[in-house]
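The structure follows.
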Amino acid sequence: MVQHEGIHHVSLIVTDLQRAKAFYEEVLGLKTIERPPFDFPGEWYAVGDTGQQLHLIVHNGETKRTGGIDTRDGHFAIRVRDFDETVEWLRRKGIEHTANRDSVTGFAQIFLLDPDRNVIELNAAKK
């Protein structure tokens, strides 16, 4: 039987590393961490302080997603401390998003797209 300890990392395909870095660092506030010297470009980020990571991998093709925010599409989620503060931050940054404080999930959810149209969920415990 597989005994899980947690999610180590999520990898996403991006087409423009500088554009993606600006989003993940300036909008989501993620901090870079050391990345091995692979023979392809990318960036690694710490997500929170529990060892979880986000890895960006540059792909010179096109990403498959072309539509808007679809909450049922493949995505990853980051837990945030404050729903209202996060929504206000995204508004100030001009980031399109959908927010649902009263999600059937039992926690508040915010969905947005990165520059390559990868779906991201930000969620917060209900107050």
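The values are calculated or read from the model by the stated rules, or taken from the named source; none is laboratory data. It should be emphasised that the depicted structure is a prediction, and the values quoted were computed from it without experimental measurement. All Cβ positions, even for glycine, are placed from backbone atoms using ideal geometry, and neighbour counts span all protein chains on display. Quick note on the areas: whole protein, heavy atoms, side chains included, nothing else; ligands and nucleic acids left out. Shrake-Rupley method; radii C 1.70, N 1.55, O 1.52, S 1.80 Å.
Projected onto the charge dipole of the chain (+1 at Lys/Arg Cβ, -1 at Asp/Glu Cβ, origin at the Cα centre), which of VAL10, TRP44, LEU112 gives the Cα projection farthest towards the positive end?
Of the listed residues, the answer is LEU112.
How much of the DSSP bridge set in region 1-123 is antiparallel, in percent, rounded to the nearest 5? Provide the component values of the computation, followed by the final result.
Numbers: 18 of 29 bridges.
Restricted to region 1-123, the bridges split so that about 60 percent are antiparallel.
Placing +1 on the Cβ of each Lys and Arg and -1 on the Cβ of each Asp and Glu in region 46-93, which of HIS75, VAL58, THR86 has its Cα farthest towards the positive end of the resulting dipole?
Farthest along the dipole direction, towards plus: VAL58.
Suppose every K and R has +1 on its Cβ and every D and E has -1 on its Cβ; what is the size of the dipole of the chain about the Cα centre, in Debye to the nearest 20?
The dipole magnitude comes to about 260 debye.
Okay, moving on. Where the centroid of each part is defined by its Cα atoms, how far is region 59-86 from region 20-42 in Å?
Cα centroid to Cα centroid, the span is 17 Å.
Here is a follow-up. By how many nm would the segment from ILE13 to THR105 grow when fully extended, if each residue of separation counts as 0.36 nm and the alpha-carbon distance is taken off? Don't skip to the answer; put the middle values down first.
Working: separation 92, 0.36 × 92 = 33.12 nm, distance 2.76 nm.
Contour length minus Cα-Cα distance gives 30.4 nm.
Give, as a single signed number, the net charge of other residues whose beta carbon lies under 11 Å from the beta carbon of PHE111, with Lys and Arg counted +1 and Asp and Glu -1. Present the calculation step by step, with values, prior to reporting the outcome.
On the way: positive: ARG72; negative: ASP70, ASP73, GLU96, GLU121.
In short, -3.
Computing the accessible area with a 1.4 Å probe over protein heavy atoms, can you report the carbon and sulfur percentage for the chain? Could the numbers behind the result be given before it?
Details: 4110 of 8430 Å².
Exposed carbon and sulfur together represent 49 percent of the surface.
Now for a separate question. For the residue pair PHE40 and VAL58, what label-to-label distance in nm results when each label sits 7 Å from Cα along the Cα-to-beta-carbon direction?
Each label point lies 7 Å from its Cα, and together they span 1.2 nm.
At 1.4 Å probe size, with every protein chain present, just tell me what the per residue accessible area of the chain comes to in Å². Mind dumping the intermediate values first?
Numbers: 8430 Å² over 127 residues.
Counting only protein heavy atoms, the per-residue value for the chain is 66 Å².
If I stretch the segment between LYS93 and GLU25 completely, what's the gain in nm (0.36 nm per residue apart, minus their alpha carbon distance), one decimal? Let's see the in-between values first.
Values: separation 68, 0.36 × 68 = 24.48 nm, distance 1.26 nm.
23.2 nm is the gain from fully extending LYS93 to GLU25.
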